[in-house]
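Novice: Got a structure for you, questions after.
Every number here is computed from the coordinates shown, using simple stated rules; none is lab data. Because the structure is a prediction, the values reported are computed rather than measured. So basically every Cβ, Gly included, is an ideal-geometry build from the backbone, and we count neighbours across all protein chains shown.
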Ligand code: SF4
Ligand code: SF4
């Protein structure tokens with residue numbers, strides 16, 4: 001992709017700028033689609049219709065909302081800490097956008113081919129916590145601060161089971177790499193799960209060996225743990241206490257309006273897709289097609305990356321849908337329940353899971 | 001330990017049950033009614049906006065008297081004997097010009113008490129319920145068919161008629177009085193004559 005862009009524009013700099021802004025375009029389109037999806041899913045799950053007025057069945061609703069948000073006045077309350085107040089949304093969005101650098105959209109496009117992809121994503125997404133805390137603190141509003149505190153506590157706690165699960169999946173990948181060392185690069189992890197859904201890590205990894213069938217229940221459990229803790233990490237229901245509308249009047253972004261609010265919004269949906277994409281990459285083969293490629297069978301080589309991109313988006317959007325589905329199914333948990341779920345249930349399970357997967361991978 | 005595993009199992013299984021239910025509801029037809037395009041059929045005898053059929057109104061003020069919140073304001077002027085106002089659809093003769101018939105629908109409590117006493121059944125509830133306005137004064141509905149000028153004219157006409165009548169009455173009285181005087185004088189004269197004759 002880089003080379004292609006370099007050939008077209010004849011300059012490395014332009015190629016890099018374009019390549020790095022591609023995910024931004026993707027995020028924008030995705031958010032416009034996902035917000036509509038959310039409202040439609042919410043509506044139909046409650047036997048309503050959702051937006052119906054703008055365009056056929058309301059398909060242009062989010063575009064109209066986007067223009068509305070742009071026109072909104074940017075209100076900054078008098079007692080806010082202006083510098084941090086203005087910096088926070090940028091930081092939150094930057095944090096979630098940075099995670100896209102290591103997401104393999106297809107075999108031809110990945111922002112950065114670093115070996116420590118997963119580690120990088122886990123590390124960089126902590127920036128979001130800083131941004132949220134900053135937003136809550138500088139708003140100078142007790143509800144915002146409460147939301148931000150909850151958010152920090154929640155994200156930091158749930159990082160642990162997430163990382164433990166990621167670790168166990170990296171251990172599984174060691175069974176399949178050439179040098180037997182495992183890999184942290186999402187690209188390589190996706191490559192391992194190629195050719196058919198049978199090879200997906202959620203089904204225990206590639207091949208037909210005994211270890212695959214032994215691993216199968218534990219990889220499934222790992223997936224569940226990852227799903228739950230990733231929900232908490234992106235502040236989605238049932239773990240949406242940081243922005244609980246009904247008790248904290250939207251939490252840390254209460255004081256924000258206009259484009260700054262839109263940036264939080266954008267970051268939230270970008271985050272949702274990011275964790276969904278990670279789930280897809282480490283459990284469901286990432287950009288790999290579950291049934292083989294049309295491009296390969298027709299002998300059209302350039303079609304393959306496009307198909308891969310398609311599968312990547314479909315898997316990602318599917319998990320985004322699952323998050324919405326959960327949102328309209330479950331009520332919000334209490335703060336103590338949240339901590340119980342994490343420290344008393346998820347972390348022990350993740351630990352046991354990690355140990356068992358490690359032992360099975362060894363023998 | 002057993003409790004711990006049971007808790008886990010319960011949490012997961014109930015989540016899946018809930019997810020099954022919500023997923024099922026994705027395919028349940030929506031109960032939404034697309035309001036301005038599609039409307040619910042109103043039941044018979046709903047009470048909404050009042051309407052007065054002025055062709056039938058005889059200006060008897062029954063409705064205004066029945067109204068508990070006094071939101072009907074009627075003024076009438078008697079017609080001249082020479083004018084024929086026609087009859088109502090159920091055969092009552094109209095004798096009054098209704099110069100003002102205002103219903104302040106903002107005050108109306110839709111109790112329908114004004115509907116029943118009407119002798120000609122010309123005030124009734126319709127099924128119109130969308131009549132919001134920006135100004136409160138726009139909610140005062142004027143049903144009188146006469147324009148302001150006409151109403152004034154009728155009132156003036158009636159006043160003129162009454163004056164005329166007064167005058168006529170006065171004249172008649174005067175004439176009567178004169179006649180009486182005359183008669184009296186004549187009588188006196190006659191009496192005088194007779195007196196003279198007698199003398
Ligand atoms: S419905 Fe009731 S309140 Fe309304 S005008 Fe008639 S009598 Fe008055
Ligand atoms: S009761 Fe009927 S006829 Fe009498 S004034 Fe009211 S509307 Fe007219």
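Novice: Counting other beta carbons within 10 Å of each residue's own, what order do A:200, A:325, B:9 fall into, fewest first?
Specialist: By the 10 Å Cβ count, ascending: B:9, A:325, A:200.
Novice: Rg and Dmax of the protein assembly as shown, using alpha carbons, in Å: what are they?
Specialist: 42.1, 173
Novice: Sorted by average packing, counted as other Cβ atoms within 10 angstrom per residue and highest first, what order do B:179-187, A:119-127 take?
Specialist: The densest-packed peptide leads the list: A:119-127, B:179-187.
Novice: When 1/r is averaged over all different Cα pairs and the result inverted, which Kirkwood radius in Å belongs to region A:1-139?
Specialist: 18.1 Å is the Kirkwood radius here.
Novice: Using a 10 Å cut-off around each Cβ, can you sort A:294, A:167 from fewest to most neighbouring Cβ atoms? Numbers along the way, then the final one.
Specialist: On the way: A:294 13, A:167 18.
Least crowded to most crowded, the residues run A:294, A:167.
Novice: Compute the helix-to-body angle for A:258-283: its Cα long axis versus the longest principal axis of chain A, expressed 0 to 90° and rounded to tens.
Specialist: For A:258-283 against chain A, the angle is about 20 degrees.
Novice: Separate question: Could you line up B:56, B:84 from fewest to most neighbouring Cβ atoms inside 10 Å?
Specialist: Neighbour counts put them in this order, fewest first: B:84, B:56.
Novice: Something else about it: Using only Cα atoms, tell me the angle between helix A:347-362 and the longest principal axis of chain A; keep it within 0 to 90° and round to the nearest 10.
Specialist: 20
Novice: Springs between alpha-carbon pairs under 10 angstrom, Gaussian network model over chain B: which of B:64, B:30, B:172 fluctuates most?
Specialist: With Cα springs under 10 Å in chain B, the top fluctuation among B:64, B:30, B:172 is at B:30.
Novice: Between A:259, A:241, A:272, find the one with the highest GNM mean-square fluctuation for chain A; connect C-alpha pairs within less than 10 Å.
Specialist: Ranking A:259, A:241, A:272 by mean-square fluctuation puts A:259 first.
Novice: Just from its helices, what would the mean residue ellipticity at 222 nm be for the protein assembly as shown, if runs of 4 or more DSSP H residues each count -39500 (n - 2.57) and the sum is divided by every residue, rounded to the nearest 500 deg cm²/dmol?
Specialist: Numbers: 18 runs with 316 residues, N = 562.
After summing the helix terms and dividing by the residues of the protein assembly as shown, the value is -19000 deg cm²/dmol.
Novice: Can you give the mean number of other chain Cβ atoms that lie within 10 Å of the Cβ atoms in peptide B:18-25? Let's see the in-between values first.
Specialist: Details: counts 6, 6, 1, 2, 11, 4, 1, 6.
The mean count of partner-chain Cβ atoms within 10 Å per residue comes to 5.
Novice: Give me the Å³ per residue figure for the convex hull around the C-alpha atoms of chain B.
Specialist: For chain B, the hull spanned by Cα atoms encloses 247 Å³ per residue.
Novice: Could you work out how much longer the chain between residue B:167 and residue B:106 gets when fully extended? Use 0.36 nm per residue separation minus the Cα distance between them, nm to one decimal.
Specialist: In short, 17.4 nm is gained.
Novice: Starting from the eigenvalues of the Cα gyration tensor, five times each then square-rooted, give me the equivalent ellipsoid semi-axes of region A:203-288, largest first, whole Å.
Specialist: In descending order the semi-axes read 36, 15, 5 Å.
Novice: For region A:92-224, what Kirkwood radius comes out of the mean inverse Cα-Cα distance, in Å?
Specialist: 16.6
Novice: What residue among A:95, A:117, A:50 has the largest mean-square fluctuation in a Gaussian network model of chain A, using Cα springs under 10 Å?
Specialist: It is A:50.
Novice: Taking a cut-off of 18 Å, what percent of all Cα-Cα pairs in region B:50-146 are separated by more than that?
Specialist: 45
Novice: With all pairs of different alpha carbon atoms counted, what Kirkwood hydrodynamic radius in Å does region A:72-362 show? Could you put the intermediate results ahead of the total?
Specialist: Values: mean 1/r = 0.0507 Å⁻¹.
Taking every pair of different Cα atoms in region A:72-362, averaging 1/r and inverting gives 19.7 Å.
Novice: Could you work out, for region A:323-363, what percent of all Cα-Cα pairs fall into each 10 Å distance bin, beginning at 0 Å and stopping at the bin that holds the largest distance?
Specialist: Histogram of Cα-Cα distances, whole percents per bin: 26, 29, 29, 15, 1.
Novice: Compare the peptides B:133-143, A:19-29 by average per-residue count of other Cβ atoms within 10 angstrom and give them in order, highest first.
Specialist: Final packing ranking: A:19-29, B:133-143.
Novice: Using C-alpha positions alone, give me the convex hull volume of region A:222-359 per residue in cubic angstrom.
Specialist: About 138 Å³ per residue, rounded to a whole number.
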